[in-house]
Amino acid sequence: DSGVTQTPKHLITATGQRVTLRCSPRSGDLSVYWYQQSLDQGLQFLIQYYNGEERAKGNILERFSAQQFPDLHSELNLSSLELGDSALYFCASSVGLPYVEQFFGPGTRLTVL
Amino acid sequence: SQQGEEDPQALSIQEGENATMNCSYKTSINNLQWYRQNSGRGLVHLILIRSNEREKHSGRLRVTLDTSKKSSSLLITASRAADTASYFCATGSGAGSYQLTFGKGTKLSVIP
């Protein structure tokens, strides 16, 4: 158990819908990262927050957004869902520099029908 | 885009044998990390090697880094069935950020 929690574990929804994925980092970790894992694209970095502020953006679509709240939990919002958004979404956390090891949650499996 | 590329894509060995996986990357790095993923589950951090290190050990794991060749290898000695998983190398990048860029992984199967 990494100490990172993600809810829900599974999510099935229809195209055009909007969903919110939630992540609670390890106690004391200030950085939260979101990744998407799909069969064709592999593991892709989406976005990072550090202590409430957006720190880096990766291959995140405009339909997706995220935020980190004062209690450091984070939410990833996916809207206007398409079939291709079906994937595993992972949240990871780390203490912050200079410690760069990341601790991953169990993931949320999103299926868009 | 993928920074690290693992080789081979799949590897099948007998329990007790050693498993070697390789990773090549394209740009300069500060560190390289190896992660393990059991099927459909979260990734587990295995080991980190910094750019000024050449070799690192952790239990049955041995990682080497050759920055001149932009490559790393992960050796798992005396493999066990429980080592069956996908293994990913990841490079840290981005000033002050350290988001990870992953390769596509090596799928290791250890046959009892």
| request: Might you report the magnitude of the Cβ-based charge dipole of chain B about its Cα centre, with Lys and Arg at +1 and Asp and Glu at -1, to the nearest 20 debye? | output: 200
| request: Could you work out the local net charge near residue B:58, counting Lys and Arg as +1, Asp and Glu as -1, over the other residues with Cβ closer than 13 Å to its Cβ? | output: +1
| field | Amide H contacts of residue B:99 (H built 1.01 Å from N, under 5 Å, at least 5 apart or other chain) | value | B:93
| field | Net charge, residue A:9 excluded, C-beta distance under 12 Å - Lys, Arg +1, Asp, Glu -1 | value | +3
| said: Along the charge dipole of the protein assembly as shown, pointing to its positive end and built from +1/-1 on Cβ of Lys, Arg, Asp and Glu, which listed residue (B:52, B:25, A:47) has its Cα farthest out? | reply: B:52
| query | Whole-Hz Karplus ³J(HN,Hα) for region B:26-42, in order, using 6.51 cos²θ - 1.76 cosθ + 1.60 and θ = phi - 60°, x for Gly and Pro? | reply | 10, 10, 4, 10, 8, 7, 9, 10, 10, 10, 10, 9, 6, 3, x, 10, x
| task | Please name whichever of B:42, B:9, B:73 sits farthest to the positive end of the charge dipole of chain B, dipole taken about the Cα centre and charges placed at Cβ: Lys and Arg +1, Asp and Glu -1. | result | B:42
| Charges only on Cβ, +1 for Lys and Arg, -1 for Asp and Glu: so what's the dipole of chain A about the Cα centre, in debye to the nearest 20? | 160
| From the square roots a ≥ b ≥ c of the eigenvalues of the alpha-carbon gyration tensor of the protein assembly as shown, which class results: rounded (a/c under 1.5), prolate (a/b over b/c), or oblate? | prolate
| What's the local net charge at residue B:9, with K and R +1, D and E -1, over the other residues with C-beta under 15 Å away? | -2
| task | Please list, in chain and number order, the residues 5+ apart from residue A:3 or on another chain whose amide H is under 5 Å from its amide H, with Hs placed from the backbone. | result | none
| query | Label-point separation (nm) for residue A:62 and residue B:26, each offset 7 Å from Cα along Cα-to-Cβ? | reply | 2.5
| note | Once amide hydrogens are built 1.01 Å from N within the peptide plane, the residues lying 5 or more places from residue A:66 or on another chain with amide H under 5 Å from its amide H are A:77
| remark: Note on region A:58-101: contact order normalised by length, alpha-carbon pairs under 8 Å, 6 or more apart, percent, works out to 24
| note | With label points set 7 Å from each Cα along the Cα-to-Cβ direction at residue A:113 and residue B:12, the distance between them in nm comes to 3.5
| Hey, got the Cα dimensions of chain B along the principal axes, in Å, largest first? | 44, 28, 21
| request: With a cut-off of at most 12 other beta carbons within 10 Å, and DSSP calling the residue loop, which GluC sites (Glu not before Pro) in region A:26-63 qualify? Please list them. | output: A:62
| said: Through the Karplus equation 6.51 cos²θ - 1.76 cosθ + 1.60, θ set to phi - 60°, convert the phi angles of region B:8-18 into ³J(HN,Hα) values in whole Hz; use x for Gly and Pro. | reply: x, 6, 9, 9, 10, 9, 8, 3, x, 7, 8
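Only the coordinates and a few stated rules stand behind these numbers; no lab work does. Since the structure is predicted, the reported quantities are computational estimates derived from the model, not experimental observations. Ideal geometry is used to build each Cβ from the backbone, glycine not excepted, and the neighbour counts take in all protein chains shown.
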